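Participant: Below is a structure I'd like to ask you about.
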Amino acid sequence: STIISAVAAKVNGVVITWTDAPATSVEVRVQPEPRDDTDAIWLRIFPADRRYWSEPFGATRRFRMLRANAKGLASLTGLPAGDYLVAAATDGSSDWMTAEGIELASRQAARVRLTPGDKQIVEVRR
């Protein structure tokens with residue numbers, strides 16, 4: 001198309017790949033504690049493959065953080081296929097995205113494997 005031709009004329013060495021693989025979908029369930037129904041429950045989703053942990057901002061498609069609703073539910077679509085860890089936290093900052101922060105989050109995380117088009121439900125403990 002015209003846009004691709006314009007980009008190709010100005011940029012060398014870039015590969016653009018389209019896929020018709022269906023998107024992945026994850027529903028995360030966290031059991032809220034009775035006293036903190038109003039407290040935020042943040043979910044950190046990141047690759048189980050430790051190679052990504054040293055440079056998480058180089059693989060931003062594989063790292064997500066989202067807030068669960070008051071019932072402890074959250075859903076997410078579009079993660080690339082692979083093995084992931086899902087951890088609950090009370091802090092919504094991105095400061096955890098260091099090798100040390102990811103290691104700490106991994107200790108309490110649930111594991112999930114996603115294949116193209118997969119729909120998974122993950123239970124996470126706080």
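Participant: Can you pull out the residues in segment 100-126 that are part of a loop (DSSP other than H, G, I, E, B) and crowded, with 19+ Cβ neighbours inside 10 Å?
Facilitator: Result: Ala109, single match.
Participant: Kindly check whether there is at least one residue in segment 30-47 that is modelled with pLDDT of 95 or more and in contact with an Asp or Glu (Cβ under 8 Å, 6 or more places away or on another chain).
Facilitator: Yes, because at least one residue in segment 30-47 is modelled with pLDDT of 95 or more and in contact with an Asp or Glu (Cβ under 8 Å, 6 or more places away or on another chain).
Participant: Output the residues belonging to segment 39-84 that are more than 25 Å from Trp18 (Cβ to Cβ) and without any contact (Cβ under 8 Å) to a residue 12 or more places away in the chain.
Facilitator: Passing the criteria: Arg50, Arg51, Glu55, Asn69.
Participant: Could you list, in sequence order, all residues of segment 41-80 that are more than 18 Å from Gly92 (Cα to Cα) and either open to solvent by less than 30 Å² (accessible area, probe 1.4 Å) or hydrophobic (A, V, I, L, M, F, W, C) (or both)?
Facilitator: Pro47, Ala48, Trp53, Ala59, Leu79, Pro80
Participant: Considering only residues of segment 81-99 that are in contact with a Leu (Cβ under 7 Å, 6 or more places away or on another chain) and under 16 Å from Thr24 (Cα atoms), which is most open to solvent (accessible area, probe 1.4 Å)?
Facilitator: Residue satisfying both the conditions and the ranking: Ala81.
The values are calculated or read from the model by the stated rules, or taken from the named source; none is laboratory data. This is a predicted model, so every value here is computed, not measured. With ideal geometry, Cβ positions are generated from the backbone for all residues, glycine too; neighbour counts draw on all protein chains shown. These accessible areas exclude ligands, DNA and RNA; they are computed on the full protein's heavy atoms, side chains included. Shrake-Rupley method; radii C 1.70, N 1.55, O 1.52, S 1.80 Å.
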